[in-house]
Every structure is written in structure tokens, then in C-alpha cells.
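Colleague: Quick one: the structure is below, questions incoming.
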Amino acid sequence: MNELELLARLIQCEAGGEGDTGMRAVASVVMNRVEQRRGEYGRYNTVRDVVFAPRQFECATEQQQSIYNMRPEAIHYEIAQWALGGGRLGDVYDSLWFFNPYSATCRTNFPNQNGYFKARIGNHCFYSPTSGYYNT
């Protein structure tokens with residue numbers, strides 16, 4: 001599976017029900033991690049490295065809803081191409097994390113105080129790195 005297809009599958013799996021903006025936000029986080037040169041994500045340089053990094057994306061490890069049983073549609077490929085070409089959603093231009101809190105509120109910090117709340121898009125909360133992240 002090439003990087004375009006892998007990213008399209010991850011977008012569909014992680015944010016397929018979040019609309020265009022939600023899918024772009026998730027794609028932005030993945031590519032932000034690929035481009036990060038410091039901290040924990042500094043050692044991951046490809047979409048494949050980021051997607052399959054330990055304990056990062058449930059869709060890379062789950063059996064029921066997995067990147068392996070996704071069938072991306074044109075919109076997923078378009079957003080993946082946009083992100084691979086340098087596109088980033090403004091609200092999360094530097095975010096490195098997202099998660100669904102399954103509640104109406106987002107935590108102030110995530111994970112382990114290394115990220116601060118940046119935006120809520122659909123069901124997901126997005127977090128950008130604090131200065132402490134760069135020591136990870």
C-alpha cells in the first residue's frame with residue numbers, strides 16, 4: 001500500500017463521519033507528525049512510520065474498524081493528496097494529537113501535559129505541542 005492509499009484509509013477510518021473539515025484536520029495531524037523534526041515524532045519521517053508508530057492510531061491496530069478493511073472513496077484520496085501536497089487546516093496547523101473524548105468537553109492538556117487544547121472539530125479535540133513536548 002503506497003502512502004497516498006494508506007493516508008486515505010486512515011482518514012476514512014479515523015474521521016470518515018466528521019465531514020470534509022474533520023477529515024482535513026486528521027490528515028493535518030498526520031502530516032504534522034511526518035514533518036516534525038523534534039521530540040517524540042522527530043524519529044518518524046513517513047506516513048507509514050507515523051501510522052504504524054506504537055499506540056498512536058486505533059485504526060492501525062483494531063480488528064473491527066481497521067485501515068485494512070476501509071474502502072476509500074474519491075474524497076478520502078483528495079484530502080490525502082491535499083495533505084501530502086502541503087495542505088494544512090488553519091485551526092490545527094501545528095497540532096500533533098487528536099482524540100474523541102466522547103463528551104461535550106475537551107481536556108485542557110493532552111497527552112501527559114505535552115499538548116495544549118487548540119480546537120474542537122466535530123467529535124475530535126486537537127492539541128498542539130507545549131515546550132515540554134520537545135523534551136520527549
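Colleague: Name the one entry in 115, 90, 86 that is surrounded by 14 or more Cβ atoms within 10 Å (Cβ to Cβ) and either under 21 Å from residue 41 (Cα atoms) or touching an Asp or Glu at 6+ places or on another chain (Cβ under 9 Å) (or both). Full working, then the answer.
Modeller: Numbers: 90 fails: surrounded by 14 or more Cβ atoms within 10 Å (Cβ to Cβ); 86 fails: surrounded by 14 or more Cβ atoms within 10 Å (Cβ to Cβ).
Just a single option satisfies the conditions, and that option is 115.
Colleague: Answer yes or no: is there a residue in region 64-73 that is within 16 Å of the chain's Cα centre (by Cα), buried (at least 21 other Cβ atoms within 10 Å of the Cβ) and within 19 Å of residue 21 (Cβ to Cβ).
Modeller: no
Colleague: Also: Being of a type outside the set (Gly, Ala, Ser), touching a residue at least 12 places away in the same chain (Cβ under 8 Å) and assigned to a helix (DSSP H, G or I) is the filter here; which residues of region 69-80 pass it?
Modeller: Scanning region 69-80 gives 75, 76, 77, 79.
Colleague: For residue 6, all conditions in the list (1) closer than 17 Å to residue 127 by Cα; (2) touching a Lys or Arg at 6+ places or on another chain (Cβ under 7 Å) hold save one; what is the number of the exception?
Modeller: So the condition that residue 6 fails would be (1).
Colleague: Shifting gears a bit: Can residue 96 be described as under 20 Å from residue 117 (Cα atoms) and among the aliphatic types (A, V, I, L, M)?
Modeller: Numbers: under 20 Å from residue 117 (Cα atoms): yes; among the aliphatic types (A, V, I, L, M): yes.
Yes: the conditions hold for residue 96.
Colleague: Of all residues in region 69-93, which are out of contact with any helix residue (DSSP H, G or I) (no Cβ under 6 Å at 6 or more places or on another chain), modelled with pLDDT of 95 or more and closer than 14 Å to residue 30 by Cβ?
Modeller: Answer for region 69-93, where residues must be out of contact with any helix residue (DSSP H, G or I) (no Cβ under 6 Å at 6 or more places or on another chain), modelled with pLDDT of 95 or more and closer than 14 Å to residue 30 by Cβ: 81, 82, 84, 85, 86, 87.
Colleague: Scan region 35-44 for residues that are in contact (Cβ under 8 Å) with a residue 60 or more places away in the chain and surrounded by 20 or more Cβ atoms within 10 Å (Cβ to Cβ) and jot them down.
Modeller: Listed by number, the list holds a single entry, 36.
Colleague: I've got another one for you. Quick one: in region 98-120, of everything that is out of contact with any helix residue (DSSP H, G or I) (no Cβ under 7 Å at 6 or more places or on another chain) and of a type in the set (Phe, Trp, Tyr), which residue is nearest to residue 136 (Cα to Cα)? Lay out the reasoning, then the answer.
Modeller: Looking only at region 98-120, we keep the residues that are out of contact with any helix residue (DSSP H, G or I) (no Cβ under 7 Å at 6 or more places or on another chain), and these are 99-112, 116-117, 120.
With the extra rule that they be of a type in the set (Phe, Trp, Tyr), the set shrinks to 99, 102, 110, 116-117.
On the way: 99: 20, 102: 27, 110: 14, 116: 15, 117: 18 Å.
It comes out as 110.
Colleague: Here's a check for you: in region 1-34, which residue that is small (Gly, Ala, Ser) and either in a helix (DSSP H, G or I) or touching a strand residue (DSSP E or B) at 6+ places or on another chain (Cβ under 9 Å) (or both) is surrounded by the fewest Cβ atoms within 10 Å (Cβ to Cβ)?
Modeller: The qualifying residue surrounded by the fewest Cβ atoms within 10 Å (Cβ to Cβ) is 19.
Colleague: Is it the case that region 36-51 has a residue that's among the acidic types (Asp, Glu) and not in a helix (DSSP H, G or I)?
Modeller: No - not one qualifying residue is present in region 36-51.
Colleague: Residue 47 passes all but one of (1) over 24 Å from residue 120 (Cβ atoms); (2) surrounded by fewer than 16 Cβ atoms within 10 Å (Cβ to Cβ); (3) among the β-branched types (Val, Ile, Thr); which number fails?
Modeller: That leaves (2) as the condition not met.
The values are calculated or read from the model by the stated rules, or taken from the named source; none is laboratory data. What you see is a predicted model, and the numbers here were worked out from it, not measured in a lab. We place every Cβ from the backbone using ideal geometry, glycine too, and count neighbours over all the protein chains shown.
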